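See structure below.
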Amino acid sequence: MGLLFFADTFDFTYFWAAIFQIGVVGALILLGNIIRRKTPFLRNYLVPTGLIAGFIGLGAKYLFNGIGLEIAGTPIINEEYMHYLTYHSLAIGFIALGLITAAKKQVKDGRALKSGILIVGGYLIQGIVGVALSLLVGLIFAGSAIAVAPYAGILLPLGFGQGPGQAGNIGGVYETIDGANALVGGRDFGLSVAAMGFIVSAIVGTIILNVVARKGLVTRTHSNTVETFGDLEKSAHLHDHPEEIPVVESVDKFTIQVSFVLATYLITFAVISLVSFLIVDLAGIQAVLGIIWGFNFLFAILVTMLIKVILNLLRKWGVMKRRYINNYMQNRIAGFAFDFMITTGIISINFGKLSDPSFWVLLALMTIFGGAATFFYIYFIAKKYFPATRWYTFFGFFGMLTGTASEGVALLREIDPNFQTGVAEDLVNGSGMAAIFGAPMLIITTFIYQGTMWFWISVGLLVVLFVAMLLFIHLFTMAKNKKLAKEEVVSE
């Protein structure tokens with residue numbers, strides 16, 4: 001059943017269809033925000049607007065498809081196009097975050113480094129639990145989708161720890177594997193894991209927060225302010241640096257920020273195309289084509305780092321007199337990209353590809369045991385290595401390692417509305433450190449599926465790296481505490 005009056009009034013081309021889909025996502029986010037603000041349960045339990053909008057869109061997609069509602073042969077909500085929006089939003093968000101200039105400050109107690117280790121350790125323990133569970137489910141359900149791909153559990157840290165963008169991307173890569181061990185439905189499974197992570201973060205995190213508050217360990221403020229990640233940076237970056245370009249000149253300052261992001265992504269496309277040409281076309285290794293393009297966000301991060309180096313050199317040499325990157329605006333671009341990514345990622349889930357019962361059993365087990373492992377891990381680390389901000393650290397990083405950084409901020413501001421504890425800063429600085437220390441984790445995802453030997457090598461590396469992270473944070477904390485104690489004695 002098509003909407004014929006649309007077809008009669010204009011030619012609904014591919015380009016109009018693309019704009020239409022983006023408009024649908026925007027309308028869903030606005031609707032989700034209204035529902036969230038007007039529903040006490042959703043507001044009190046800190047359910048993100050993008051998640052609400054995504055599930056509304058997911059239901060609408062199945063409804064419209066069921067009754068055959070289309071515009072000139074194009075679905076009202078195009079599942080394939082939502083997948084592309086998720087794919088590109090992830091890279092764009094990382095580029096915007098990567099362009100931000102970190103403030104230089106004197107490190108005293110090493111909280112940024114410890115926070116980074118905490119995050120990476122969370123990825124690793126989630127990876128260990130996820131792979132162990134997928135191996136168990138594969139043994140129970142012989143011949144199932146999970147039995148064929150026992151590495152499926154590696155999507156737990158990507159879905160819980162890093163969000164729907166990476167879980168969907170890498171799950172999609174596993175679908176394209178040229179072999180009998182391909183994870184059919186991997187992309188939709190990864191997105192489903194991420195969706196369950198948001199639920200654990202919002203619902204379970206808030207329940208734990210209320211329990212801790214009743215015991216008098218923290219005080220919940222029940223703040224009605226909007227939970228946005230931007231408030232972290234507002235105080236530091238709302239006022240422009242004196243050397244930055246004007247807000248409005250011959251071109252708007254925000255236009256410059258968006259142009260830097262888009263131009264960087266264009267260069268990223270060129271780099272990926274070159275790598276694909278060299279490896280696939282010239283070397284003839286066709287099996288890695290999907291992997292190369294599936295890891296677009298990694299190429300985006302590398303290109304962004306190169307762009308920053310070039311900009312810094314141009315400033316140092318005096319070729320470029322002004323600062324063109326504004327941290328606050330880049331944060332807003334990243335926030336927009338990630339909100340879009342959450343919404344489109346949920347909408348693009350195709351439950352038809354998860355018809356195998358082993359998927360649902362593994363998803364349930366990963367939600368329960370993955371959430372529990374994350375809880376106990378952060379509880380232990382926060383208590384032992386962040387004693388001054390124990391519960392604030394717990395809630396901030398529990399939200400981040402099951403949902404996103406925004407969820408961590410949302411939980412934190414319920415007990416630290418003015419971000420006076422410094423934990424909000426730990427989330428930001430720790431994420432930067434995690435990008436460095438977390439590289440081995442991402443590398444593991446590129447070979448864990450390559451046969452039995454590589455699977456067990458990957459499991460061994462996960463365990464070794466996790467133990468190494470625990471030893472590192474312990475020894476580093478002891479060394480820092482001794483140094484601070486000596487400095488206090490000298491100062492007295």
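In table form, for the structure just shown:
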| item | result |
| --- | --- |
| Residue ranges of helices (runs of 4 or more DSSP H) in the range 351-459 with at least 3 members out of contact with any Cys (no Cβ under 9 Å at 6 or more places or on another chain) and among the β-branched types (Val, Ile, Thr) | 357-385, 423-437 |
| Matching option when the condition is basic (Lys, Arg) and closer than 29 Å to VAL218 by Cα, among LYS480, LYS486 | LYS480 |
| Meets criteria (within 21 Å of ILE347 (Cα to Cα) and modelled with pLDDT of 90 or more) for LEU31 | yes |
| Number of the condition not met by GLY50 [criteria: (1) surrounded by 15 or more Cβ atoms within 10 Å (Cβ to Cβ); (2) closer than 30 Å to PHE447 by Cα] | (2) |
| Selected residue [touching a helix residue (DSSP H, G or I) at 6+ places or on another chain (Cβ under 6 Å), closer than 17 Å to ALA364 by Cβ and buried (at least 19 other Cβ atoms within 10 Å of the Cβ)] from LEU183, LEU85, LEU133 | LEU133 |
| Checklist (1) within 24 Å of LEU113 (Cα to Cα); (2) modelled with pLDDT of 90 or more applied to GLY430, failing item | (2) |
| Residues located in the range 364-378, provided they are under 17 Å from GLY403 (Cβ atoms) and free of Cβ contacts under 8 Å to residues at least 60 places away in the same chain | ILE368, ALA372 |
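The values are calculated or read from the model by the stated rules, or taken from the named source; none is laboratory data. Since we're looking at a predicted model, the values are computed, not measured. Quick reminder, even Gly has a Cβ in these numbers, built from the backbone with ideal geometry, and neighbours come from all protein chains shown.
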